[in-house]
1. Any idea how far apart Asp220 and Gln377 come out in nm if each label point goes 7 Å out from Cα toward Cβ?
2. Kirkwood Rh over Cα pairs of the chain into Stokes-Einstein at 37 °C, 0.692 mPa s: D in µm²/s?
3. What percent do you get for the relative contact order of the stretch 265-362 when only Cα pairs under 8 Å and 6+ apart count?
4. When you count, for each residue, the other Cβ atoms within 10 Å and take the mean per peptide, how do 74-83, 270-279, 178-187, 107-116 rank with the highest first?
5. Considering Cα pairs under 8 angstrom that are at least six residues apart, work out the relative contact order of the chain and quote it in whole percent.
6. Under 14 Å from a label point 7 Å along Cα→Cβ of Lys16: give me every residue in the stretch 381-397 with its amide N that close.
7. Ordered by packing density, taken as the mean number of other Cβ atoms within 10 Å over each peptide's residues, highest first, how do 141-153, 32-44 rank?
8. Please go through the residue pairs Lys337/Lys414; Lys121/Lys200; Lys44/Lys84 and name each one whose alpha carbons sit more than 23 Å apart in this structure.
Amino acid sequence: MVTMTGRPSTPLDVAKIRADFPILSRTVHGKPLVYLDNAATSQKPRAVIDAMSRVFEEHNANIHRGVYEFSERTTELFEGAREKVARLINAPEAREVIFVRNATEGVNLVAYAWGEDNLRKGDRIVTTVLEHHSDFVPWQQLAKRVGAEVAVIDIDDEGRVRQDQYERELAKGARLVALTLTSNGLGTVTPVKRMAAQAKAVGATVLVDAAQAVPHLAVDVKDLGCDFLVFSGHKMLGPPGSGAVWGRAALLESMRPFLYGGDMIARVGVESSTWNELPWKFEAGTSSYVDAIGLGAAVDYLQAVGLERIEAHERALTAYALPRMLELEGVTVFGPKTLEDRVGVISFAIEGIHPHDVATIFDREGICVRAGHHCNQPLMTRLGVAATTRASFYLYNTFEECDALFAAVRTAQKVFGTV
């Protein structure tokens, strides 16, 4: 549905949502803040800020170790956050959710604790050129350590994974398949459910990087059919230093710990040690319990708004912004040119202007975007560019902010005299 203003309708009361985010009332260089770097990190609502402050102000104590009220209260909230995350991604059991600092740590956990014991010389790892470095470099380095091979699936000119090439590579054999659910570089949504089923059919274990998906749409690990799934809290309204790995219980139980030390042990002797049960076997030392509690508050906020409604709102913004960006003279948009299989990430280049210069000029207009390779250097090589400028939407962005983006493109072109 399109409104009288020519803009798609949105199911969200964005003005009400924006009031929950203190930073959105700030100005930059005397102009209203337009925050369009949500693929890098999201802003934080008052509910998350307050939940974390309450821990420090009211009952801060180390978790799992104390039998006094403060420790028990903090432990309850920490484990409650795990339950919330499990429900968010429809995990069969909360003990399958491992708290980590971010998706990067999550992938490394799997690469070391599962990969080194399950991959051998000659085994094949299949991944794609869309992967963030966090879901590429750990596998590249694991392959070097154990003598495995890495096959990288290309994309077509619209930025979608080449399914024909994927099927050919699977036919050669695969021990592990690592896939992004949503590309941070192009906004492409990968058909992970189908690709995971194909991988399982040849006996591969499947890890999904959902860092760009969990904040923006409903993710169901049972429906996806993967074996591991990782994501970061800071991209979904939570604090930096929070994130999770979900893994099938049978796999997690068979894996050795990733880190060794306090809290992940059952018994320690001079000669040997035994490990704690799931999930604590993988959570050595003092966990970032305040960050985890903040992540739990972020989950509460997202579910109160509704992930389906958030997805619909971002789709409306993209439906408004994408065709207008495609029409701008001297602008090249990378990735899918239609709403099919894409989310609210728009990567683009302005002819004759380096992306870093674009971002600098945008900043003067109060607009925050990302310029660079987006931790996607293999993808940038595939696109034939060193970097792009990236605008990315979230639940608190508006159509007026899209208009500000278009105007900033014209301002940059005028400054550099390219139009």
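The values are calculated or read from the model by the stated rules, or taken from the named source; none is laboratory data. All values derive from a computational prediction rather than experimental measurement. Backbone-built Cβ (ideal geometry, glycine too); neighbour counts: all protein chains shown. Areas reflect the complete protein model, heavy atoms only, side chains present, ligands, DNA and RNA absent. Shrake-Rupley method; radii C 1.70, N 1.55, O 1.52, S 1.80 Å.
1. Computed distance between label sites Asp220 and Gln377 equals 4.0 nm.
2. Roughly 146 µm²/s, to the nearest whole number.
3. 15 percent
4. 178-187, 107-116, 74-83, 270-279
5. Working: 819 pairs, mean separation 95.0, N = 419.
It rounds to 23 percent for the chain.
6. Flagged as within label range: none.
7. Highest mean packing first, the order is 32-44, 141-153.
8. Violating the 23 Å Cα-Cα cut-off are Lys337/Lys414.
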